[in-house]
Structure formats: structure tokens, C-alpha cells
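The structure appears right after this line, and notes come after that.
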Amino acid sequence: MYRVWDFINGYSLLLITGAIIALVWANIDIASYHGFTEYVIWADAPIGHLHDDGQGHITRELTLHYLVNDVLMALFFAIAAKEVWEAVVLENGALRGKKAATPLVATLGGMIGPISVYLGIAYVLGSTTFDAVANGWAIPTATDIAFSYLIGRMVFGAGHPAVRFLLLLAIADDAAGLLILAIFYPSGDLAPVWLLLSFGAAISVYVLANWLPRYLDRGDQVRRRSTWARKKLSFWPYLLAGCASWYGFMQAGLHPALGLLPVVLTVPHADRAFGIFSAAEVHLHDLLNTMQQALKYPVEIILGLFGLMNAGVAFSAIGEPTWLVLAGLLIGKPVGIFLFGWLAAKPLGLGLPKGMRMIDLVVIGCVAAIGFTVSLFVASVAFEAGPIQDAAKMGALLSFGAAAISLVMGKLTRVQKRAL
């Protein structure tokens, strides 16, 4: 884990810049901001939002917002899926074995806690409020992996075991978030038969471009066929399969930003991983890591555009959904992570990493309360464009205040920073 500052200068800086520009723009001229984000690139397009012209003729419109959120963000989720996949399947993966048990249980608490607080307070506010905001229950379950990692290092120091614990929790949270988006937030009427295209493309590219060359190379130490596939075909079969899978997700009614996930699992990968943000991963030359490195800078730009497309909310939009999202993150996350972490460490006997105190779980919960990127994304799909969505987005944006709370909690609990 040595690449954090490079990561900040890329992913985080551009994302924050895009979000700040959007906030300023929306509070100066909200009409022109929405005119920009909803600019129609291609009317009557093969992909895009469904559009009814009022005469019963339904077409698709490719808007700038759709291009960023539904098409380009698929690359961001593909990188997230790559990290989760390696953490699960590789022998030294971060989410394998007893070392991951307590963080995984704490992750469950970090989702149940926010949901309970969000829906509980909404219920107390009355049925009208509850019915209006209930679909946003998943917004406060998110943890922004990049920002959480950054703040975690600032609070604990790069060498503290709590940083590793936090990173495992954030990766598991990302995995759960991908499942939640796929299952609970379809982008339209479900047509599951289209998933045959997605999974058919994934299976086909795995068999023809991955498994078959290796099968034909049995007993061949030179591995001629695998080498030919790697050098000549490169990423192209997976790109074509990814496009087919993305289209299948769109037509199936699932969120197309998740459309590349089936194909990510089929790409040849190394038998080891150094971990997310590790500079050593540039020395892994398997196709999956090579593709990730090639996508690094494009995804940095995409996240900047994502911030620009989604963070444009007028401050006047702050309302009940804002406080519900913040309560879910700032109260539900720390309480849930502490309670479930304690349950795993003590009654279940799974323990904590050596050098970690039980009180550190509270601080980790505060750090994990930074929802930001993924919370913004969930808010954009949980609600239709309008006041409720804007208020929920403001809660996701303000969750960055958890960074300051984390630094204060670190001081109050007397965290001893540890260098690498």
C-alpha cells in the first residue's frame, strides 16, 4: 500500500474538483447546469434513457449524464470488481481465511447499522416521509474506498493494523454495494432473458480466449498458443465481450454501469495480488493487471466527470433526506461496525489483528462513514431527478465531514500512529 498519494492526486483530486465545480455552478445557475448535464448527444439512439415523445413513441436518448453514469462509470466499477475478485479467489487474497473474518462481520454491521438508522428515523418522521425516502435505504451503506483509505492513514498512520482492517472492510463493502445495485436498483422493467447475452458473452470469451489456449498448451513449456493469444488478441476479445455484456445488462433492466462485471471474472490474472493502491502491482504483467493500469488515467478523468454530472445540488435542496443519509452514515456506520466487530472479536472468538484495540473499531466506523462517490451514485439511481434526489445527494456530499470527525475521534481515543 504505497501509492496513496498518487491515488489522491488522481482519482480523489479530480473527483473533488468536479464536485466543487458542479456545486458552484448549480448554486449560481441551476437551469444551465441541468441543461448541460442533460444535453442530448444522440436522439433516437440504440442506447440511453427511455424517452416518451408523448404520442406513444418510445425511443432512447443518449444524454451526457447517461454517457458518464451508465456507460463510462462501468470502467470504474470494473476496476472495483477486479480488486474484489482478486481478494476473494487468490490464495493470498485479502478476503480469504480467518484474517478477513472479523472485518467481514464488521462490514455487515456497517450496512445494517446505517439502514436501521435511516429507515428508523424516517419511520418516526411519519408515513409520508417514510414512503418518500424509503427507496434510498442503501445510500448510507456505501463507503468511499479511496477517501476512507486516505483518512485512515492520516488517523492511524500507514503501518497501523487498523488501516489494513479498514481496507478489507471497504473492499467487502464495495462487493456488497455492487450486489445491492444489481438486485435492488434495476434501471427499468426487468427482462432477465437479456442476461443470456451478458453471461453468454462472458462464458464464450473465457472458453475461447482464456481456457482453450491454456488447454492446448498442456505439456508445452513454451506455451505458444497462450502467448499468441496474449500478444495478438490482447484485450480485444474481452472488449467485445464487455460491450455485449453491457448491452445485455441495459436491455435486462439492470444498471448498465455494472455490465462489465461478468467479463472481469474471465480475464487471465496473476496468481497473486499485492493489494489495492500497491505500487508493486505495476510489475504484474498478466492481462487483468495490464488492463487495469491502462484504465487508470481514463478512470481518473471519468470520476472527475462523474463529480461534475452528479454533485450539482443547490444548497436550498437540503432537507429531511439529507439528514437521514447523514444520520445513517455518521451514526449507523460507527455503531454498526463497533457492535458487529465486537461480536466477531469477543463472543465469536475471531479476535482483532495484533496491535488493534476494541476502541479502534469506533474510529474505523467514523472513517468508513465517508460515503461520497458510491453514495452519490446510489442516490442518483434510488430516486427520480428532483428535490428528494437532490437532498439525498447533499447528504452524500456532506458525509465528507466524517473525515474531520475521524481525526477528532482519533485524538480522543488516543490512537498511536504507526509508520510503515
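The values are calculated or read from the model by the stated rules, or taken from the named source; none is laboratory data. Note that the structure is a prediction, hence the values are computed from the model and not measured. Here the Cβ is made from the backbone with ideal geometry for all residues, glycine too, and neighbour counts use every protein chain on show.
Quick rundown of the values:
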{"read-out": "Within the stretch 113-148, considering residues that are surrounded by fewer than 24 Cβ atoms within 10 Å (Cβ to Cβ) and within 18 Å of the chain's Cα centre (by Cα), the one nearest to Lys354 (Cα to Cα)", "value": "Ala146"}
{"read-out": "Members of the stretch 53-71 that are out of contact with any His (no Cβ under 6 Å at 6 or more places or on another chain), in a strand (DSSP E or B) and farther than 25 Å from Phe377 by Cβ", "value": "Ile58"}
{"read-out": "Residue match in the stretch 279-299 (condition: part of a helix (DSSP H, G or I), small (Gly, Ala, Ser) and over 24 Å from the mean Cα position of the chain (by Cα))", "value": "no"}
{"read-out": "Pair list, Cβ under 6 Å, 6 or more apart: the stretch 32-50 residue among the hydroxyl-bearing types (Ser, Thr, Tyr), other residue in a strand (DSSP E or B)", "value": "none"}
{"read-out": "Thr107 vs. criteria touching an Asp or Glu at 6+ places or on another chain (Cβ under 6 Å) and not in a helix (DSSP H, G or I)", "value": "no"}
{"read-out": "Selection count, the stretch 114-131, where residues are of a type outside the set (Ser, Thr, Tyr), touching a residue at least 60 places away in the same chain (Cβ under 8 Å) and out of contact with any Pro (no Cβ under 8 Å at 6 or more places or on another chain)", "value": "3"}
{"read-out": "Scope the stretch 379-412; condition loosely packed, with under 14 Cβ neighbours inside 10 Å and in a loop (DSSP other than H, G, I, E, B); matching residues", "value": "Glu384, Ala385, Gly386"}
{"read-out": "Within the stretch 256-278, tally of residues that are modelled with pLDDT of 90 or more, in a loop (DSSP other than H, G, I, E, B) and within 26 Å of Trp228 (Cα to Cα)", "value": "4"}
{"read-out": "Residue within the stretch 341-355 that is modelled with pLDDT of 90 or more, buried (at least 24 other Cβ atoms within 10 Å of the Cβ) and not aromatic (Phe, Trp, Tyr) present", "value": "yes"}
{"read-out": "Single condition Gly349 does not satisfy, out of (1) part of a helix (DSSP H, G or I); (2) out of contact with any Pro (no Cβ under 7 Å at 6 or more places or on another chain)", "value": "(1)"}
{"read-out": "Check on Ile318, surrounded by fewer than 24 Cβ atoms within 10 Å (Cβ to Cβ), of a type in the set (Val, Ile, Thr), in contact with a Cys (Cβ under 7 Å, 6 or more places away or on another chain) and at pLDDT 90 or above", "value": "no"}
{"read-out": "In the stretch 149-174, the residues that are at pLDDT below 85, surrounded by fewer than 24 Cβ atoms within 10 Å (Cβ to Cβ) and of a type in the set (A, V, I, L, M, F, W, C)", "value": "Leu150, Ala158, Leu167, Leu168"}
